[in-house]
Amino acid sequence: MSADTDSVPDVTGLDHTTVTGWGRTAPTAARLIRPRTYEEAAAAVRDCGARGGIPRGLGRAYGDAAQNAGGSVLDMTGLDRVHAIDADGGTVLCDAGVSLHRLMEVLLPLGWFVPVTPGTRYVTVGGAIGADIHGKNHHVSGSFSRHVLAFELLTADGEIRTVIPGTPLFDATAGGMGLTGVILTVTIRLQPVETSLMSVDTERAANLDDLMARLAATDHRYRYSVAWIDLLARGASTGRAVLTRGDHAPLDALPARMRRDPLSFRTSRLPAAPCLLPEGLLTRTTVGLFNELWYHKAPRARAGQLQRISAFFHPLDGVPHWNRVYGRGGFVQYQFVVGYGQEDALRRIVRRISERRCPSFLAVLKRFGESDPGWLSFPVPGWTLALDIPAGLPGLGAFLDELDEEVATAGGRVYLAKDARLRPELLAAMYPRLDEFRELRAELDPHGVFTSDLSRRLGL
Amino acid sequence: MKDAFGLPQSLLVLGGTSEIALATARRLIARRTRTVWLAGRPSPALEEAAGQLRGLGADVHTVAFDALDPTSHDAVLGKVFAEGDIDMVLLAFGLLGDQARDERNPEAAVRVAQTNYTGAVSAGLVCARALQSQGHGSLVVMSSVAGERARRANFIYGSSKAGLDAFAQGLGDALHGTGVHVMVVRPGFVRTRMTADLPEAPLATTPEAVATAVELGLRRRSETVWVPGALRVVMAALRHLPRGVFRRLPI
């Protein structure tokens, strides 16, 4: 369970806990239940009360997707068994509460890797389906649900259904933010690897056009690809970036001493960020300095550098509770996608963010490939930009509303797993299959057993 | 639900004709607020206020609410909460009274005290309980700098606001950690109908400025908001003045 929950004795005598997402905004109180068996999970769903319940994993969704004010929150991290690994065929059957970190620990020594990982290993498999997560390999491998062979779903009627791809329930659940039911177990197809190291190419792009040209021309050569953008750079260097792209290193790329143990999974963790950090640590000046250093620290061009999986995919996991650096006001992450052909919209948005001088040190651009069938799944073929911004920045809400308009006009959308502030009116334009989702929910869960702050806020 | 910036989608105003409350409602409607409940004594002014807010695109309902009838609060406010979540309650009713007249007429003075304090205790507790069972929401209480230290010129009003302020602070502590946020707003002299006949005090402000400060306070999840902010320092100094000196101040 994320530490972003805070248990407080309650004057009503109920055991309520305040819960937030990873961005630490908009806390609400809920009854936290941690089932240890499928029966306990079923009982929790049955008894979750008038304000319903919502499953929660490791609390890495930035917004309010895994909160349920006044109701129940089912902490699924107690269901964390890896049931079976087919080391020949490359599949794993595990509980929904298993984290990608745990899967990497058990699978890498066997020569298998998770098919898709976001920027943190600390997400659960259930959460990965609920948000239909994507990673640096989306242009090649699609989102997480593409690699799911089946899952078991505990629905509002108390039934456990086996759900397979190609069915409406699968497509409603993949990206459905936990609102169709509680995922209990999942079967995932894995990615074979020869080593636990990454072979990484790094290059710098001088500005946004340079960056987009490089990505468009050469992305198909890399399984994994991502660009960090300096959104505080202005003028001719607006959108300057560092591209890091690569693939799993083959055995023969390793020096002799590393070939003895090519599949070891090593991670390192620094001390956690302290609880009490001053407000306003991340200002335009400090973030500007960081970005300047980060850009110039990166090599102009370097090929074939060997990096650990944790360094390549999950650098921030090395600092537990890094979200605390934004202080008690928290932060919002803004991630949107606009389709290919809408490059001008992307340029306009990047220019506006740069001109506004949003202090964002985490801004990432990548290209999405083919989308998957999840009705509320986020990725569509196009350009996606994600950035973190302190929530206390004056006028931020209105500014992001304006960006939403640009995104929606360009036929794009924002990512619900990261949202904490979208204007509900725009949702249907961004997610054209929203009505089908609502219809299925109305039929499957007529009493609204599965409810979250996100679903209340956006009317999902 | 509130968004990441603390902005509510639904708003219940207690004291639905208050100029400060309506300025705040207008500002919040320009952001995220879509549903507004205006609670107050039925009057053309209440309906007119509702009409104005409807013109801004909000779905506005009026509710007959009388601060002086605490026995009715549970039923009246309960009905509002039964219609759906209320993300923010703005407790904005209050009487200024007429100090000179009220000193001579204890009944009138009691009416000020009952409206500003007793009525607020009752309505505040009813709303707090409802917000708590929702697990979220903000209760924004319109206090006043007059409650910070009683002045010769308006101690009847001031003492009622002092009671309200202390009540709201305590309620905020009681609700800490329940997902409910209580915010005490202490405006100085606000130019409204209520103060139209009074000589303007230093650091006078407007209902719009109070609305801006409320929005900022929601974003910061503040517990106390002074309008204008400079009053925090001024009042910190005034609070510690010896009585003999304070009494002689031309305020």
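Structural remarks
- The single residue among A:166, A:135 that is open to solvent by 40 Å² or more (accessible area, probe 1.4 Å), outside any helix (DSSP H, G or I) and either within 25 Å of residue A:107 (Cα to Cα) or modelled with pLDDT of 95 or more (or both) turns out to be A:166.
- Matching residues in the stretch A:407-435 - criterion: being within 13 Å of chain B (Cβ to nearest Cβ), open to solvent by 30 Å² or more (accessible area, probe 1.4 Å) and more than 18 Å from the chain's Cα centre (by Cα): A:423, A:424, A:425
- Output for the stretch B:110-125, where each listed residue is among the hydrophobic types (A, V, I, L, M, F, W, C) and open to solvent by less than 20 Å² (accessible area, probe 1.4 Å): B:112, B:120, B:123
- Failed item, numbered, when residue A:278 is tested on (1) in a helix (DSSP H, G or I); (2) in contact with a Gly (Cβ under 7 Å, 6 or more places away or on another chain): (1)
- Among the residues of the stretch B:35-55, just one is surrounded by 14 or more Cβ atoms within 10 Å (Cβ to Cβ) and assigned to a loop (DSSP other than H, G, I, E, B), namely B:41.
- Residue list for the stretch A:436-459, filter: among the aliphatic types (A, V, I, L, M), touching a helix residue (DSSP H, G or I) at 6+ places or on another chain (Cβ under 8 Å) and open to solvent by 20 Å² or more (accessible area, probe 1.4 Å): A:440, A:444, A:449
- Residue among A:391, A:398 that alone is among the aliphatic types (A, V, I, L, M), open to solvent by 20 Å² or more (accessible area, probe 1.4 Å), facing chain B (nearest Cβ under 10 Å) and more than 21 Å from residue A:211 (Cα to Cα): A:398
- Output for the stretch A:19-52, where each listed residue is more than 22 Å from the chain's Cα centre (by Cα), surrounded by 16 or more Cβ atoms within 10 Å (Cβ to Cβ), within 12 Å of chain B (Cβ to nearest Cβ) and more than 11 Å from residue A:74 (Cβ to Cβ): A:29, A:51
- Pick from the stretch B:197-229, criterion part of a helix (DSSP H, G or I) and charged (D, E, K, R), ranking: surrounded by the fewest Cβ atoms within 10 Å (Cβ to Cβ): B:208
- Residues that are of a type in the set (A, V, I, L, M, F, W, C) and touching a Pro at 6+ places or on another chain (Cβ under 9 Å) were ranked within the stretch B:127-153; the one that is surrounded by the most Cβ atoms within 10 Å (Cβ to Cβ) is B:142.
- Residues being open to solvent by less than 20 Å² (accessible area, probe 1.4 Å), of a type in the set (A, V, I, L, M) and part of a loop (DSSP other than H, G, I, E, B) - total across the stretch A:354-367: 0
- Among the conditions (1) more than 30 Å from residue A:167 (Cβ to Cβ); (2) surrounded by fewer than 19 Cβ atoms within 10 Å (Cβ to Cβ), the only one that residue A:370 does not satisfy is (1).
- Criterion (closer than 20 Å to residue B:95 by Cβ and open to solvent by 10 Å² or more (accessible area, probe 1.4 Å)) met by exactly one of B:24, B:17: B:17
- Of the residues making up the stretch B:154-213, those that are closer than 28 Å to residue A:15 by Cα and in contact with a Pro (Cβ under 9 Å, 6 or more places away or on another chain) are B:177, B:179, B:181.
- Only a single criterion out of (1) within 14 Å of another protein chain (Cβ to nearest Cβ); (2) surrounded by fewer than 18 Cβ atoms within 10 Å (Cβ to Cβ); (3) of a type in the set (Lys, Arg) is not satisfied by residue B:32, namely (2).
- Among residues that are of a type in the set (Ser, Thr, Tyr) and either touching a strand residue (DSSP E or B) at 6+ places or on another chain (Cβ under 9 Å) or in the same structural domain as residue A:171 (by the TED database) (or both), residue A:409 is not included.
- Across the stretch A:1-49, the qualifying residues are those that are under 23 Å from residue B:220 (Cβ atoms), assigned to a loop (DSSP other than H, G, I, E, B) and of a type outside the set (Gly, Ala, Ser), and the one among them that is modelled with the lowest pLDDT is A:8.
- Criterion: modelled with pLDDT under 90, surrounded by fewer than 19 Cβ atoms within 10 Å (Cβ to Cβ) and on the phi < 0 side of the Ramachandran plot - qualifying residue of A:281, A:251, A:263: A:281
- Filter result for the condition that a residue is open to solvent by less than 70 Å² (accessible area, probe 1.4 Å), in the same structural domain as residue A:304 (by the TED database) and within 22 Å of residue A:325 (Cβ to Cβ), over A:270, A:276, A:231: A:231
- Residue within the stretch B:149-159 that is more than 14 Å from chain A (Cβ to nearest Cβ), at pLDDT 95 or above and more than 20 Å from residue B:226 (Cα to Cα) present: yes
The values are calculated or read from the model by the stated rules, or taken from the named source; none is laboratory data. Only a predicted model underlies this, so the values are computations on that prediction, with no experimental measurement involved. No Cβ is skipped: glycine too gets one built from the backbone with ideal geometry, and neighbour counts run over all protein chains shown. Ligands, DNA and RNA are stripped out before the accessible areas are found, and what is left, the full protein with its side chains, is counted by its heavy atoms. Shrake-Rupley method; radii C 1.70, N 1.55, O 1.52, S 1.80 Å.
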